[in-house]
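The values are calculated or read from the model by the stated rules, or taken from the named source; none is laboratory data. Since this is a predicted model, take the numbers as computed values, not measurements. Positions of Cβ are generated from backbone atoms using ideal geometry, with glycine treated the same way; all protein chains shown enter the neighbour counts. For the accessible areas, the whole protein counts, side chains as well, though only heavy atoms, and no ligand, DNA or RNA atoms are used. Shrake-Rupley method; radii C 1.70, N 1.55, O 1.52, S 1.80 Å.
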Amino acid sequence: MKSGGNTNTKLILVHPYIQKQTSTNRLWLLAFVSFFTIAFLLTLLYTTDSIIPTKNNSATVSSTVNSAVSTAPITQLPTAAINAMLHYASRSNDSFHMSYGEMKSISDVLRRCSPPCNLLVFGLTHETLLWKSLNHNGRTVFIEENRYYAAYFEEIHPEIEVFDVQYTTKAREARELVSAVKEAARNECRPVQNLLFSDCKLGLNDLPNHVYDVDWDVILVDGPRGDGGDVPGRMSSIFTAAVLARSKKGGNPKTHVFVHDYYRDVERLCGDEFLCRENLVESNDMLAHYVLERMDKNSTQFCRGRKKRSVSSPSA
């Protein structure tokens, strides 16, 4: 008996090994991709961390910059600029301005002063802004008798450091006051002392505390008023300048002291008694230039071998 139809049947078997091999390949691919992703992220984080400074890095950079700035040389005004300022200041229409020669004498000392230079000026005058500018990169402080003018000047020129002081003297009392100070030179009117705690009649003790702590390199006495008997006179400012110069604790042991209006009796009298003739290096009718040295704290005399001279009382 013949069988009818095609009996050639094909059987397809799916071996479980094929399915397992496919899954394993996918896992390896996933692991490979994950590894490179993590490696990329770690590299990115490390690079970013090195570019963006931390707080410590910022502090280090800031410290380095500040150190570089602090060690940078302090520049001074060019000679041409100084000469131009002196030229125009000396040609002012103000009747009470200094001459070119007087301003140049002070300017030359400021130019030689080792920066930063400390300049103390008694009196707000026509040259106030000039002194501030010439003492470039230094400290300049002004002492003024008129509190209202001092406040006004500081308001229109906020870069100016000015303090007002109340003088209790009269120019016509100059000789009596100088005699009293000489008698107390071993006590409250010593040439070396902290004027903040002084009871000397001519010592200014009501300035801001820090003024007494500064080692002043240059002092200019151009105030208070001294052109009459009932005005304060410059006895206190000259005496205070003499004590500040001799009481320095540091810095340059020498102090340059200038006294303007030197032709007047009070200025010459106090200059001779407290700044001393042996320290006078230059003078004319209008400006006297003294160079004072720091003294020992136990000193009781302002001058060495000074010859006495009679000085008439200033006219009232």
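See the values below:
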read-out: Qualifying residues in the stretch 175-197 (those that are among the hydrophobic types (A, V, I, L, M, F, W, C) and modelled with pLDDT of 95 or more) - the one nearest to the chain's Cα centre (by Cα); value: Leu195
read-out: Val259 out of contact with any Asp or Glu (no Cβ under 9 Å at 6 or more places or on another chain) and closer than 23 Å to Leu195 by Cα; value: no
read-out: Matching residues in the stretch 235-257 - criterion: being touching a residue at least 60 places away in the same chain (Cβ under 8 Å), touching a helix residue (DSSP H, G or I) at 6+ places or on another chain (Cβ under 6 Å) and open to solvent by less than 20 Å² (accessible area, probe 1.4 Å); value: Met235, Ala242
read-out: Residue match in the stretch 165-182 (condition: β-branched (Val, Ile, Thr) and in contact with a Lys or Arg (Cβ under 6 Å, 6 or more places away or on another chain)); value: no
read-out: First in the stretch 71-86 and closer than 15 Å to Pro115 by Cβ, second anywhere and at pLDDT below 75, Cβ under 9 Å, 6 or more apart; value: Ile82/Gln76
read-out: Set Ile219, Ile160, Ile156: member being free of Cβ contacts under 8 Å to residues at least 60 places away in the same chain, within 26 Å of Trp131 (Cα to Cα), touching a strand residue (DSSP E or B) at 6+ places or on another chain (Cβ under 7 Å) and not small (Gly, Ala, Ser); value: Ile160
read-out: Positions within the stretch 103-129 being open to solvent by less than 20 Å² (accessible area, probe 1.4 Å), assigned to a helix (DSSP H, G or I) and farther than 22 Å from Gly250 by Cα, in sequence order; value: Met103, Ile106, Ser107, Thr128
read-out: Ser107 being in contact (Cβ under 8 Å) with a residue 40 or more places away in the chain, hydroxyl-bearing (Ser, Thr, Tyr) and out of contact with any Phe, Trp or Tyr (no Cβ under 7 Å at 6 or more places or on another chain); value: no
read-out: Residue among Asp261, Asp206 that alone is of a type in the set (D, E, K, R), open to solvent by 10 Å² or more (accessible area, probe 1.4 Å) and within 25 Å of Phe96 (Cβ to Cβ); value: Asp261
read-out: Selection from the stretch 130-167 of residues that are among the acidic types (Asp, Glu) and either surrounded by fewer than 16 Cβ atoms within 10 Å (Cβ to Cβ) or outside any helix (DSSP H, G or I) (or both); value: Glu144, Glu145, Glu155, Glu159, Glu161, Asp164
read-out: Filtered residues of the stretch 269-282 (kept if of a type outside the set (A, V, I, L, M, F, W, C), open to solvent by less than 60 Å² (accessible area, probe 1.4 Å) and either out of contact with any Leu (no Cβ under 7 Å at 6 or more places or on another chain) or not in a helix (DSSP H, G or I) (or both)); value: Gly271, Asp272, Glu273
read-out: Subset of the stretch 190-203 that is assigned to a loop (DSSP other than H, G, I, E, B) and in contact with a Phe, Trp or Tyr (Cβ under 8 Å, 6 or more places away or on another chain) - its residue that is surrounded by the most Cβ atoms within 10 Å (Cβ to Cβ); value: Leu202
